[in-house]
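Please read the structure below before turning to the comments.
Any read-out appearing in this document is the output of simple, stated calculations on the displayed coordinates, not a laboratory observation. Model, not experiment: these values are computed from the prediction. FYI the Cβ positions are ideal-geometry reconstructions off the backbone, even for glycines, and counts take in every protein chain you see.
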Amino acid sequence: MQFISQEKILKVLIGYNPWWTASIVPREFTKPVKRLAFYEANKLFNHPSIRREVILSGPRRVGKTTILYQTIEQVMKNISPKQILYVSFDHPMLKLCDIGTIIEVFINNIALNSEELYLFFDEIQYASDWDTWLKTLYDQNPYYKIMATGSASPILASKMSESGVGRWSQIKIPTLSFYEYIELLGIDMPNIKEGVKPTALAALKKEDLASLMVSLQPLQKHFHQYLLIGGFPEVALSNDVPFAQKIIREDVVDKVIKRDMVSLFGIRNVAELEKIFLFICMVSGNIIVQDTIAKEVGVSRPTIANYLELLEQANLIYISKPTEIKGKKVLKSRPKIYLADAAIRNAVLMLGEEVLTDPDEMGLIIETAVYKHILSFYYNQRPQVGYFRDSNSKKEIDVVVSFPMGRIIIEVKYRENSTISEKEAIVEWANHETTKGAILITKNSDDYGIAASHVTKTPIIRIPAFAFLYLLGYAEKEHYKQS
């Protein structure tokens, strides 16, 4: 029995697809700036020989829907607007009917005899049997192209192993990088030579490195605002920090914990989950002892382990696992937990501009931003990204990126005096044959260059945090332009 008439479904679809009558996508839908993920998504969506349904996943409010609209605008240059269908399964009425019924209404009333259709499904995890429908549409309609979004990575990943193999590809979209934030601000961006990236700075001549850092220096004044609220496009341009943080709490955190995780994962005790997430916000960037959280919150250790896994799958946190110097994973060790964006921590804990003058807080915020940027930059290469800590000597390296042929190590020293001693782990690892890059993240704009006091097999390059994050984003953009 069908709960909703086709007439009512059509009325909803007409509201979602204004281009059927206006022949353009409203400007407020497409936004003037394209995220880096847009280029990756469109490369897959328009690939001339490899056909894939594209699924965009990531935290709420990072611009997944905007990428759909931007793709629709691009597609419309070559086909009739009536061959394009956009649907959001967040709509309460559409949750009561399946994808097949919606497409039937679209074909019978709008697309008519069109064989080639472009289908855009928003928040697809709320559609009933969505994975079966994607499989069926792919197998039976070779001229359909499909792009979808979903805020729950585990649901998408689990279904991919069952129905999606060889049919769809998932692209994870992080919060805004510092490069994207600068682009969104609309300010003049530095003129940088092709091929410049953080890991290659050690090979630059002194004068070339100095020239590069001088060109980047004007960006530093925007860095603190980015760290406070800049990860989410909707509020990134706001000067009202308390209001922006309220939006992040309500639209990003509360909706995920109180709605998404309840409906998708069957979470019953929301108050318990909120306490755990609050505790994580307080210790973000530190090594997590699950027994300690269990004791503080008053739940069992297995419950903590389960919640941590679900929070990671819901795109609210990252879990960084330990690595030893030989490159093997340490199986029974404690992970580090990072929030998906530093702005989330600031919003939940209601940390305003005063946090910018707290060295300890800023160390955690910068490390969170560095870890997120590293994960995003190397996303397609799928390396192991973790950390190193020796329990005896307490030596530590904040981020270790491990590839089959070697690794890159990054240590955050965001403070006035970023001097390192010969005994520190980054010096020891920079002398190891498998280390291909060693980076020390500093605070001040004039604190850059090769750490001359330490002669190591792999030079240790010092880079101010704002310059490091910007150059990572720049290198990522260059990659998309060339591919």
Next on the checklist: Just to be sure I follow the rule: in segment 1-101, considering lysines 8 or more places apart or on different chains, how many pairs have Cα atoms under 24 Å apart?
Outcome noted: 18
Checklist entry - Quick one: length gained pulling Lys295 to Asn444 fully straight, 0.36 nm per residue minus the C-alpha distance? => result 49.7 nm
Next on the checklist: Given Cβ point charges of +1 (Lys, Arg) and -1 (Asp, Glu) and nothing else, what value in debye, to the nearest 20, does the dipole of the chain about its Cα centre take?
Outcome noted: 860
Checklist entry - Can you give me the Cα centroid spacing of segment 84-145 and segment 278-310 in angstrom? => result 40
Checklist outcome for this item: Ranked from fewest to most other Cβ atoms within 10 Å of their own Cβ, Glu116, Glu7, Glu424 fall in the order Glu7, Glu116, Glu424
Checklist entry - How large is the dipole of segment 6-173 about the Cα centre if only Lys and Arg carry +1 and Asp and Glu carry -1, each at its Cβ, rounded to the nearest 20 debye? => result 640
Checklist entry - ³J(HN,Hα) across segment 248-265 via Karplus (A = 6.51, B = -1.76, C = 1.60, θ = phi - 60°), whole Hz, x for Gly/Pro? => result 5, 4, 6, 8, 9, 7, 4, 5, 6, 6, 8, 10, 4, 6, 6, 6, 8, 10
Checklist entry - In what sequence do Ile276, Ile103, Ile441 fall when counting other Cβ within 10 Å, fewest first? => result Ile103, Ile276, Ile441
Next on the checklist: For the chain, take the longest principal axis of its alpha carbons; what is the angle in degrees between that and the long axis of helix 64-75, to the nearest 10 within 0 to 90?
Outcome noted: 60
Next on the checklist: Positive end of the dipole of segment 179-482, charges at C-beta (+1 Lys, Arg; -1 Asp, Glu), about the Cα centre: which of Ile288, His373, Tyr448 has its Cα farthest in that direction?
Outcome noted: Ile288
Item to check | Full-stretch length increase - Val196, Asp254 - with 0.36 nm per residue and alpha-carbon distance subtracted | outcome: 16.9 nm
Item to check | Residue-averaged 222 nm ellipticity for the chain, from DSSP H runs of 4+ at -39500 (n - 2.57), nearest 500 | outcome: -11500 deg cm²/dmol
Item to check | Amide hydrogen neighbours beyond the local backbone of Glu324, cut-off 5 Å, H modeled | outcome: Val330
Checklist outcome for this item: The rounded separation in angstrom of the Cα centers of segment 334-367 and segment 1-75 is 33
Checklist entry - On full extension of the chain, what length is gained from Glu116 through Arg382, given 0.36 nm per residue of separation minus the C-alpha to C-alpha distance? => result 92.4 nm
Checklist entry - Which of rounded, prolate, oblate describes segment 6-173, given a ≥ b ≥ c as roots of the alpha-carbon gyration tensor eigenvalues and a/c under 1.5 marking rounded, otherwise prolate only if a/b is larger than b/c? => result rounded
Item to check | Cα lying deepest toward the dipole's positive end in the chain, options Gly298, Pro233, Ala37, charges on Cβ | outcome: Ala37
Item to check | For the chain: rounded, prolate or oblate by the Cα gyration tensor [a/c cutoff 1.5] | outcome: prolate
Checklist entry - Considering amide H positions built from the backbone, and no H for Pro or chain starts, which residues 5 or more places from Ser88, or on another chain, come under 5 Å of its amide H? => result Asp122
Checklist entry - How would you order 403-413, 121-131 from highest to lowest mean count of nearby Cβ atoms within 10 Å? => result 121-131, 403-413
Next on the checklist: For the chain, take the longest principal axis of its alpha carbons; what is the angle in degrees between that and the long axis of helix 270-283, to the nearest 10 within 0 to 90?
Outcome noted: 30
Checklist outcome for this item: Relative to the chain, whose Cα atoms define the longest principal axis, helix 465-482 and its Cα axis are tilted in degrees, nearest 10, by 50
Next on the checklist: For Ile55, what residues show an amide H to amide H distance below 5 Å, using hydrogens built from the backbone and excluding near sequence neighbours?
Outcome noted: Ala148, Ser169, Gln170, Ile171
Checklist outcome for this item: Exposure proxy check on Thr456, Thr368: fewest-to-most Cβ neighbours within 10 Å is Thr456, Thr368
Checklist outcome for this item: Placing each pseudo-label 7 Å from Cα in the direction of the beta carbon, Asn392 and His91 end up separated by a distance in nanometres of 6.5
Checklist outcome for this item: Where a ≥ b ≥ c are root eigenvalues of the Cα gyration tensor, a/c under 1.5 meaning rounded, otherwise prolate if a/b exceeds b/c and oblate otherwise, segment 435-483 counts as oblate
